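J.: Dropping a structure here in structure tokens format, bear with me for questions.
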Amino acid sequence: MKQVENKKFSRYYALSKGSLLSKFKTSEDGLSNQQAAKLLKENGPNALAQGKRKNLIQRFLDQFKDFMIIVLLAAALISGLVAKEWADAALILAVVIINAIFGVFQESKAEEAIDALKEMSTPEAHVRRNGKLETISSEDLVVGDVVLLEAGDIVPADIRLLDSASMKIEESALTGESVPVEKSAEVLADEDIPLGDRKNMAYMNSNVTYGRGVGIVVSIGMDTQVGQIAGMINRAEDIGTPLQDNLNSLGKTLTWLILVIAAVIFAVGIFNNHDGLPMNELVINMLLVAISLAVAAIPEGLPAIVTIILALGTTRMAKRKALVRKLPAVETLGSTEIVASDKTGTLTQNKMTVEKIYQYGKLQDASEPISDADKVLQVMTFSNDTKIQSDGTLVGDPTETALVQFGFDHDYQVEDELVKEPRVAEVPFDSERKLMSTIHQLPNSKYLVAVKGAPDMLLQRVTKIQATPGEVRDFTEADETEILKQNKNMAVQALRVLAMGYKIVDQIPTTVDSDTVENDLIFAGLIGMIDPERPEAAQAVADAKKAGIRPIMITGDHQDTAEAIAKRLGIIKPGDDGAVITGAQLDQLSDEEFDKKVQQYSVYARVSPEHKVRIVSAWQDKGKVVAMTGDGVNDAPALKSADIGIGMGITGTEVSKGASDMVLADDNFATIIVAVEEGRKVFSNIQKSIQYLLSANLGEVLTLFMMTLLGWDILLPVQLLWINLATDTFPAIALGVEPTEPGIMDRKPRGRKSSFLGGGIGSSIVYQGILEGLITLGVYGLAITFPVHTANAAMHADALTMAYATLALIQLFHAFNVKSTYQSIFKVHPFKNKMFNIGVATSFIMVAATILVPGFNGLFHVTELNLLQWSIVLGAGVLMVLIVEIVKSFQRRTSK
């Protein structure tokens, strides 16, 4: 559904100072204490509301809503009350409870994001009350309060500025703007203006980086922009992951099949009654047989095995800098079709960097050498308020620190030069004239005036130009035309352009201001800057496209900047003009129109948090699995709404991390592709485990069904349960850590509609399960047809033991088959996985012990087998491998 911004507070930027003071019944001296107390009582504190929270018990009970878990609970109940297998019931319950506890501790909830928002808030605010300056708790702020802001402050509420002196506010966490925004108290037009362009507004939790200002509080708490985000996080619904959807679907399908098969076996047994039992005894006996089969057929270990495989996947991913906060997110990555990424700090470095320099009539890359004698280098580092810490850290406005860093990168000794030619006066930056000037004492008793600022403003004050390192000449109209051309070319590339000028004077003017200082300047050059893309991001985008994943950029930054970065990264190609849309343009589209055009757009610029959620939802409505990356407060609602939210571990706010399913420890976009590969591997391995488990269970069901139909002795519940316990768990878990199959990243994403039984897995389960059952029945038939013992009872006991051993061991041989759906086991290195080898060996020992260890025979109702009988059992296992290999060979030859 389209999100519409609350108009009751969206247009304070269009009101004059007088209108604001009148609307909020205040003055420039602030509210009275009585007014403030009344408003605080009426509107409540300036704090974020806490969403409805679930206690520990509710969270624990939520874990039992999964359909497969309900099936398991029913199986435990039936095992205990009807079949009287209390040990098996206890085992199933233990698995379910451990799984639930694990889920409670692994899954993070939305209130973590809300708590992080609260922690970001400033504890105090400087206000005028009764005409006096007071420092109060930010929670006691009310609408109408007059607040004073200065560099270093965190904005305590949404504020409309009344006065501003060279004020800049860093809003990247809220708007995605890569550099601090210059603020002004000027009234803006009464029309919809994007959040990042509201120059006379200061928003809660943003940071004042430069200058000072005074403003009136227009919104507090949940009515602020950050409050809106908190509300969206609270309202966002948790989306079921493809893994959860698949398991639920699989569980329901299995349940109905098992119930039907159990009912059929019950009916067949009653009808045949080979032993001639009385009806009441026959009904109880067949009911126990049917229930035993149902319990054996349910893969009770599946949820626990899936959980363990996911947990092992999280461990591997953590080593590769991807920290998973919710277990299903591991697999969800593997089915991701859309990666909607924030730009600032995710695809880019969130650090302004000098990229181009224009001097002496030539444009050069920042990487090319530059002389210490070049005035452009001196001006950019002298006309600069960056503080250089003792450890070399730079503190200040990102644009200015980038200029000093450029000097450092070219071995320019900035500190030493400033000692030789110290600053003695200055004309601070002003947002109206867009210039900054500093005056420095030179060794020859003259003074250097260094000026930097907007090219159009500086050129108005230029009379000469530095034509060569040793030549200064008059500034001509042709010079101005060429400079403006270079300025435009760099701007088209989304570079932020600054002009550098200087002059040498004999003395400092009596009055130091713009009129006396910033005139008769010598043009030194232009500097082109940008927040550059991460070095590895372009390759990551290419890898994503190769894997069938569509990368989309969503940013609060300007359209030109977003489009330029998207082209440099390969998200869009030159000429794809229709692929870029702004938030304002998006607002003009109805939901129906946007739904039709959503696949057209790859870049969204100047968007709000509501837009981000709308974009994610539009792709989800198309049935796509969407991953959303981000690091700012403004990303949190979309991170929570996406199928998988990916936060940034270094630059990310605690809010974005709290709303995420996964956090990138290295803030590296390329790590997402690594995580996608791991997710695909996890899904593939879960498929192998499911293929192994279900084919084994189908073999058991077929064996019991045919034994009942033919009137043979049937395997006992204790034997079936031991087979499941011994052969299911260890090999299935070990299959979960199989190495990645070649070419896994060359496949298209599975998408939301994919199934665990797709890709040939379902048909393989069917034929392999039937094959297991037929081979087991064949061994039993062979044993009773060519008996070793003369006594009939001994013959049947041996035959049943051989069937029991065959059904168990054939599954272990089959575990090697499912290492690959179509590839030969001899090509996938069958013994490479040490955990698998240990798991199969452990399961074999558990089965063999019931036959070979004295005392176990009676417990499991089996007999000792001789060498010939063991040879037949083991031969049946080898036969299973050979037949599957033949089928795979045929499939490979006939497959397209």
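J.: What is the gain in length, in nm to one decimal, between Thr894 and Lys387 on full extension, counting 0.36 nm per residue of separation less the C-alpha to C-alpha distance?
T.: Between Thr894 and Lys387, full extension yields an extra 175.5 nm.
J.: At most 13 other Cβ atoms within 10 Å and a DSSP loop assignment: could you name the chymotrypsin sites (Phe, Trp or Tyr not before Pro) in region 643-713 that fit?
T.: Counting only loop positions with at most 13 other Cβ atoms within 10 Å, none of the chymotrypsin sites (Phe, Trp or Tyr not before Pro) in region 643-713 qualifies.
J.: Still on this structure, I have one more. Taking amide hydrogens as modeled 1.01 Å from N in the peptide plane, which residues meet the under 5 Å criterion relative to Ile554, leaving out close sequence neighbours?
T.: Excluding prolines and chain starts, which carry no amide H, the hits are Ser341, Asp342, Lys343, Tyr604.
J.: Same structure again: From the backbone phi of region 573-582, what are the Karplus-calculated ³J(HN,Hα) couplings (6.51 cos²θ - 1.76 cosθ + 1.60, θ = phi - 60°) in whole Hz, Gly and Pro given as x?
T.: With coefficients 6.51, -1.76 and 1.60, one gets 9, x, x, 7, 5, x, 8, 10, 9, 9 Hz.
J.: Here's a follow-up. With contacts defined as alpha carbon pairs under 8 Å and 6 or more residues apart, what's the relative contact order of region 391-453 in percent?
T.: Normalised by residue count, the contact order of region 391-453 is 20 percent.
J.: Could I ask something else about it? Could you bin all the Cα-Cα distances of region 759-896 into 10 Å bins starting at 0 and give me the percent of pairs in each, rounded to whole numbers?
T.: Once binned at 10 Å, the Cα pair distances of region 759-896 give 11, 37, 31, 16, 4, 0.
J.: For region 353-530, with the dipole built from +1 on Lys and Arg beta-carbon atoms and -1 on Asp and Glu ones, taken about the Cα centre, which of Gly361, Thr438, Ile504 lies farthest toward the positive end?
T.: Gly361
J.: Taking a temperature of 20 °C and a viscosity of 1.002 mPa s, what whole-number D in µm²/s does Stokes-Einstein yield for region 452-572 with Rh from Kirkwood over alpha carbon pairs?
T.: Taking Rh from Cα pairs, D becomes 124 µm²/s.
J.: Multiplying the sequence separation of Leu709 and Ala37 by 0.36 nm and subtracting their Cα-Cα distance, what value in nm do you get?
T.: 233.4 nm
J.: Sort Trp870, Trp86, Trp722, Trp256 so the one with the fewest other Cβ atoms within 10 Å of its own Cβ comes first.
T.: Fewest-to-most ranking of Trp870, Trp86, Trp722, Trp256: Trp256, Trp86, Trp870, Trp722.
J.: So who's got an amide H within less than 5 Å of the one on Ile572, skipping anything under 5 residues away but keeping other chains? H placed 1.01 Å off N, in plane.
T.: Lys567
J.: Sort Arg747, Arg129 by Cβ crowding within 10 Å, fewest neighbours at the top.
T.: Arranged by neighbour count, lowest to highest, Arg747, Arg129 become Arg747, Arg129.
J.: Let me ask something else about it. Among Leu442, Leu757, what is the fewest-to-most ranking by other Cβ atoms within 10 Å?
T.: Lowest count first: Leu442, Leu757.
J.: Next question, about the same structure. Starting from the 7 Å offset along Cα-to-Cβ, what nm value, one decimal, do you get for the label separation of Ile508 and Asp365?
T.: 4.3
J.: Calculate, for Thr740 and Ile270, the FRET efficiency according to 1/(1 + (r/R0)^6) with r their C-beta to C-beta distance and R0 45 Å; round to the nearest 0.05.
T.: Computed FRET efficiency for Thr740 and Ile270: 0.35.
J.: List, in the order given, every pair from Lys17/Lys183; Lys356/Lys387; Lys17/Lys199; Lys168/Lys351; Lys612/Lys657; Lys168/Lys503 whose Cα-Cα distance in the structure shown is over 19 Å.
T.: The answer is Lys356/Lys387; Lys168/Lys503.
J.: Residues of region 158-197 with the amide nitrogen closer than 13 Å to a label point 7 Å from the Cα of Lys17, along Cα-to-Cβ, please.
T.: It comes to 161-165, 185-187, nothing else.
J.: With θ set to phi - 60° and the Karplus curve 6.51 cos²θ - 1.76 cosθ + 1.60, what are the ³J(HN,Hα) couplings of region 426-437 in order, to the nearest whole Hz, using x for Gly and Pro?
T.: Calculated HN-Hα couplings, in order: 7, 10, x, 4, 9, 5, 7, 8, 6, 9, 9, 10 Hz.
J.: Can I ask one more? Among the listed pairs Lys624/Lys888; Lys596/Lys748; Lys321/Lys640; Lys321/Lys343, which have their C-alpha atoms separated by more than 30 angstrom in this model?
T.: Lys624/Lys888
J.: Which whole-number percent of Cα pairs in region 353-530 have a distance greater than 28 Å?
T.: 16
J.: Using Cα pairs closer than 8 Å and at least 6 residues apart in sequence, work out the relative contact order for region 353-530, in percent.
T.: Relative contact order, region 353-530: 27 percent.
J.: Continuing with the same structure: Residue by residue through region 831-837, which ³J(HN,Hα) values in whole Hz follow from phi under the Karplus form 6.51 cos²θ - 1.76 cosθ + 1.60 (θ = phi - 60°), with glycine and proline marked x?
T.: 10, 6, 7, 4, 4, 5, 4
J.: Any idea what the alpha-carbon Rg over 2.2 N^0.38 Å comes to for region 815-865?
T.: Relative to the rule-of-thumb radius for its length, region 815-865 sits at 1.56.
J.: Using the Kirkwood formula on the Cα atoms of region 130-216, what hydrodynamic radius do you get, in angstrom to one decimal?
T.: Taking every pair of different Cα atoms in region 130-216, averaging 1/r and inverting gives 13.2 Å.
J.: Here is a follow-up. Can you compute the FRET efficiency between Ala90 and Asp621 using 1/(1 + (r/R0)^6), with r the Cβ-Cβ distance and R0 = 45 Å? Round to the nearest 0.05.
T.: 0.50
J.: How big is region 484-537 in terms of Cα radius of gyration and Dmax, in angstroms?
T.: That works out to 16.6, 54 Å for Rg and Dmax.
All of the numbers you see were taken from the coordinates with simple rules; none came from a lab. Small disclaimer: the values here were computed from a predicted structure and weren't measured. Cβ: placed from backbone, ideal geometry, glycine included. Neighbour counts: every protein chain shown.
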